[in-house]
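A short worksheet on the structure shown next.
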Amino acid sequence: GDVAVYTPGAGLLRTISVKHPQQVAVHPKTGQMYILAGLEEGRSKYGYDYPPVMREARLHRFSPDGKPESEMALEPPFIKQRKEGSKPEFRLRMAVDFTGRKPVAWVGVASPSAEFSKFTLLRIEDDGKEFDKPEEVCPKPRSAFIGGVSHFSLDRERDILYVSDGSQLARLTGEGKFLTPLKFRTSGDSAGDGKRYNICEVAIGPQGMIYVLAF
């Protein structure tokens, strides 16, 4: 339940106590920490261990020395589809952009899909005192732009956020404006009948080159 901070020589410097940390980002200049946290639970049925899902989510900001500065509870994106009283089940992804005047936390819903969730992609500005109200930036119909958020990549030089749902890349500006999505297909697809890649990882290199690990 802690985030550990180490020196370059692997010496333990401090630990940050936060309940159920999931992902962390660090401001490269100030050292402030942004942590997406939330309780996860797994389940087993008929001898199969299902992957854990989140039941609740919080966004934290900590000072460089580990003191809590701000916290926001995030609304579960889950929409009840089963019996009354069923628990929320979802998975989230986070990326934080520190290049603008204000840090911006992007929180995307990996599961459930855009078709069945309350929101898909949140843009949350940090005004230095507290987090601003989350803004849903995925336009409607959301499923026409992206099915869900499986991976984030930031092109900080060009102020573009790449969002992968596993088969295409949605692109947004730092202000949350959607650009034309990119779709990758197998080579020799001049007739347009090639199979679409399944995207695993994406990285952005010099001159905006896009490096895709796919199968």
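The values are calculated or read from the model by the stated rules, or taken from the named source; none is laboratory data. Not measured: the values here are computed from a predicted model. Here the Cβ is made from the backbone with ideal geometry for all residues, glycine too, and neighbour counts use every protein chain on show. Note: areas computed on protein heavy atoms with side chains; ligands, DNA, RNA excluded. Shrake-Rupley method; radii C 1.70, N 1.55, O 1.52, S 1.80 Å.
Apolar share of the accessible surface for the chain: 51 percent from carbon plus sulfur atoms, 1.4 Å probe.
For region 1-106, would you read off the P(r) tail past 16 Å as a percentage of all alpha carbon pairs? That tail contains 65 percent of the Cα-Cα pairs.
About its Cα centre, the chain has a charge dipole of approximately 400 debye under the convention of +1 per Lys or Arg Cβ and -1 per Asp or Glu Cβ, with nothing else charged. Near the amide H of Ala57, within less than 5 Å, lie the amide hydrogens of Leu74, all on another chain or at least 5 residues away, with H placed in the peptide plane.
Across region 58-72, rounded Karplus estimates of 3J(HN,Hα) from the backbone phi angles (6.51 cos²θ - 1.76 cosθ + 1.60, θ = phi - 60°) give 9, 10, 10, 10, 10, 6, x, 8, x, 8, x, 10, 7, 8, 9 Hz, Gly and Pro being marked x. Amide hydrogen proximity for His151: with H placed 1.01 Å from N in the peptide plane, the residues at 5 or more positions away or on another chain lying under 5 Å are Ser164. Once the 1.4 Å probe is applied to the protein heavy atoms, the chain comes out at 57 Å² accessible per residue.
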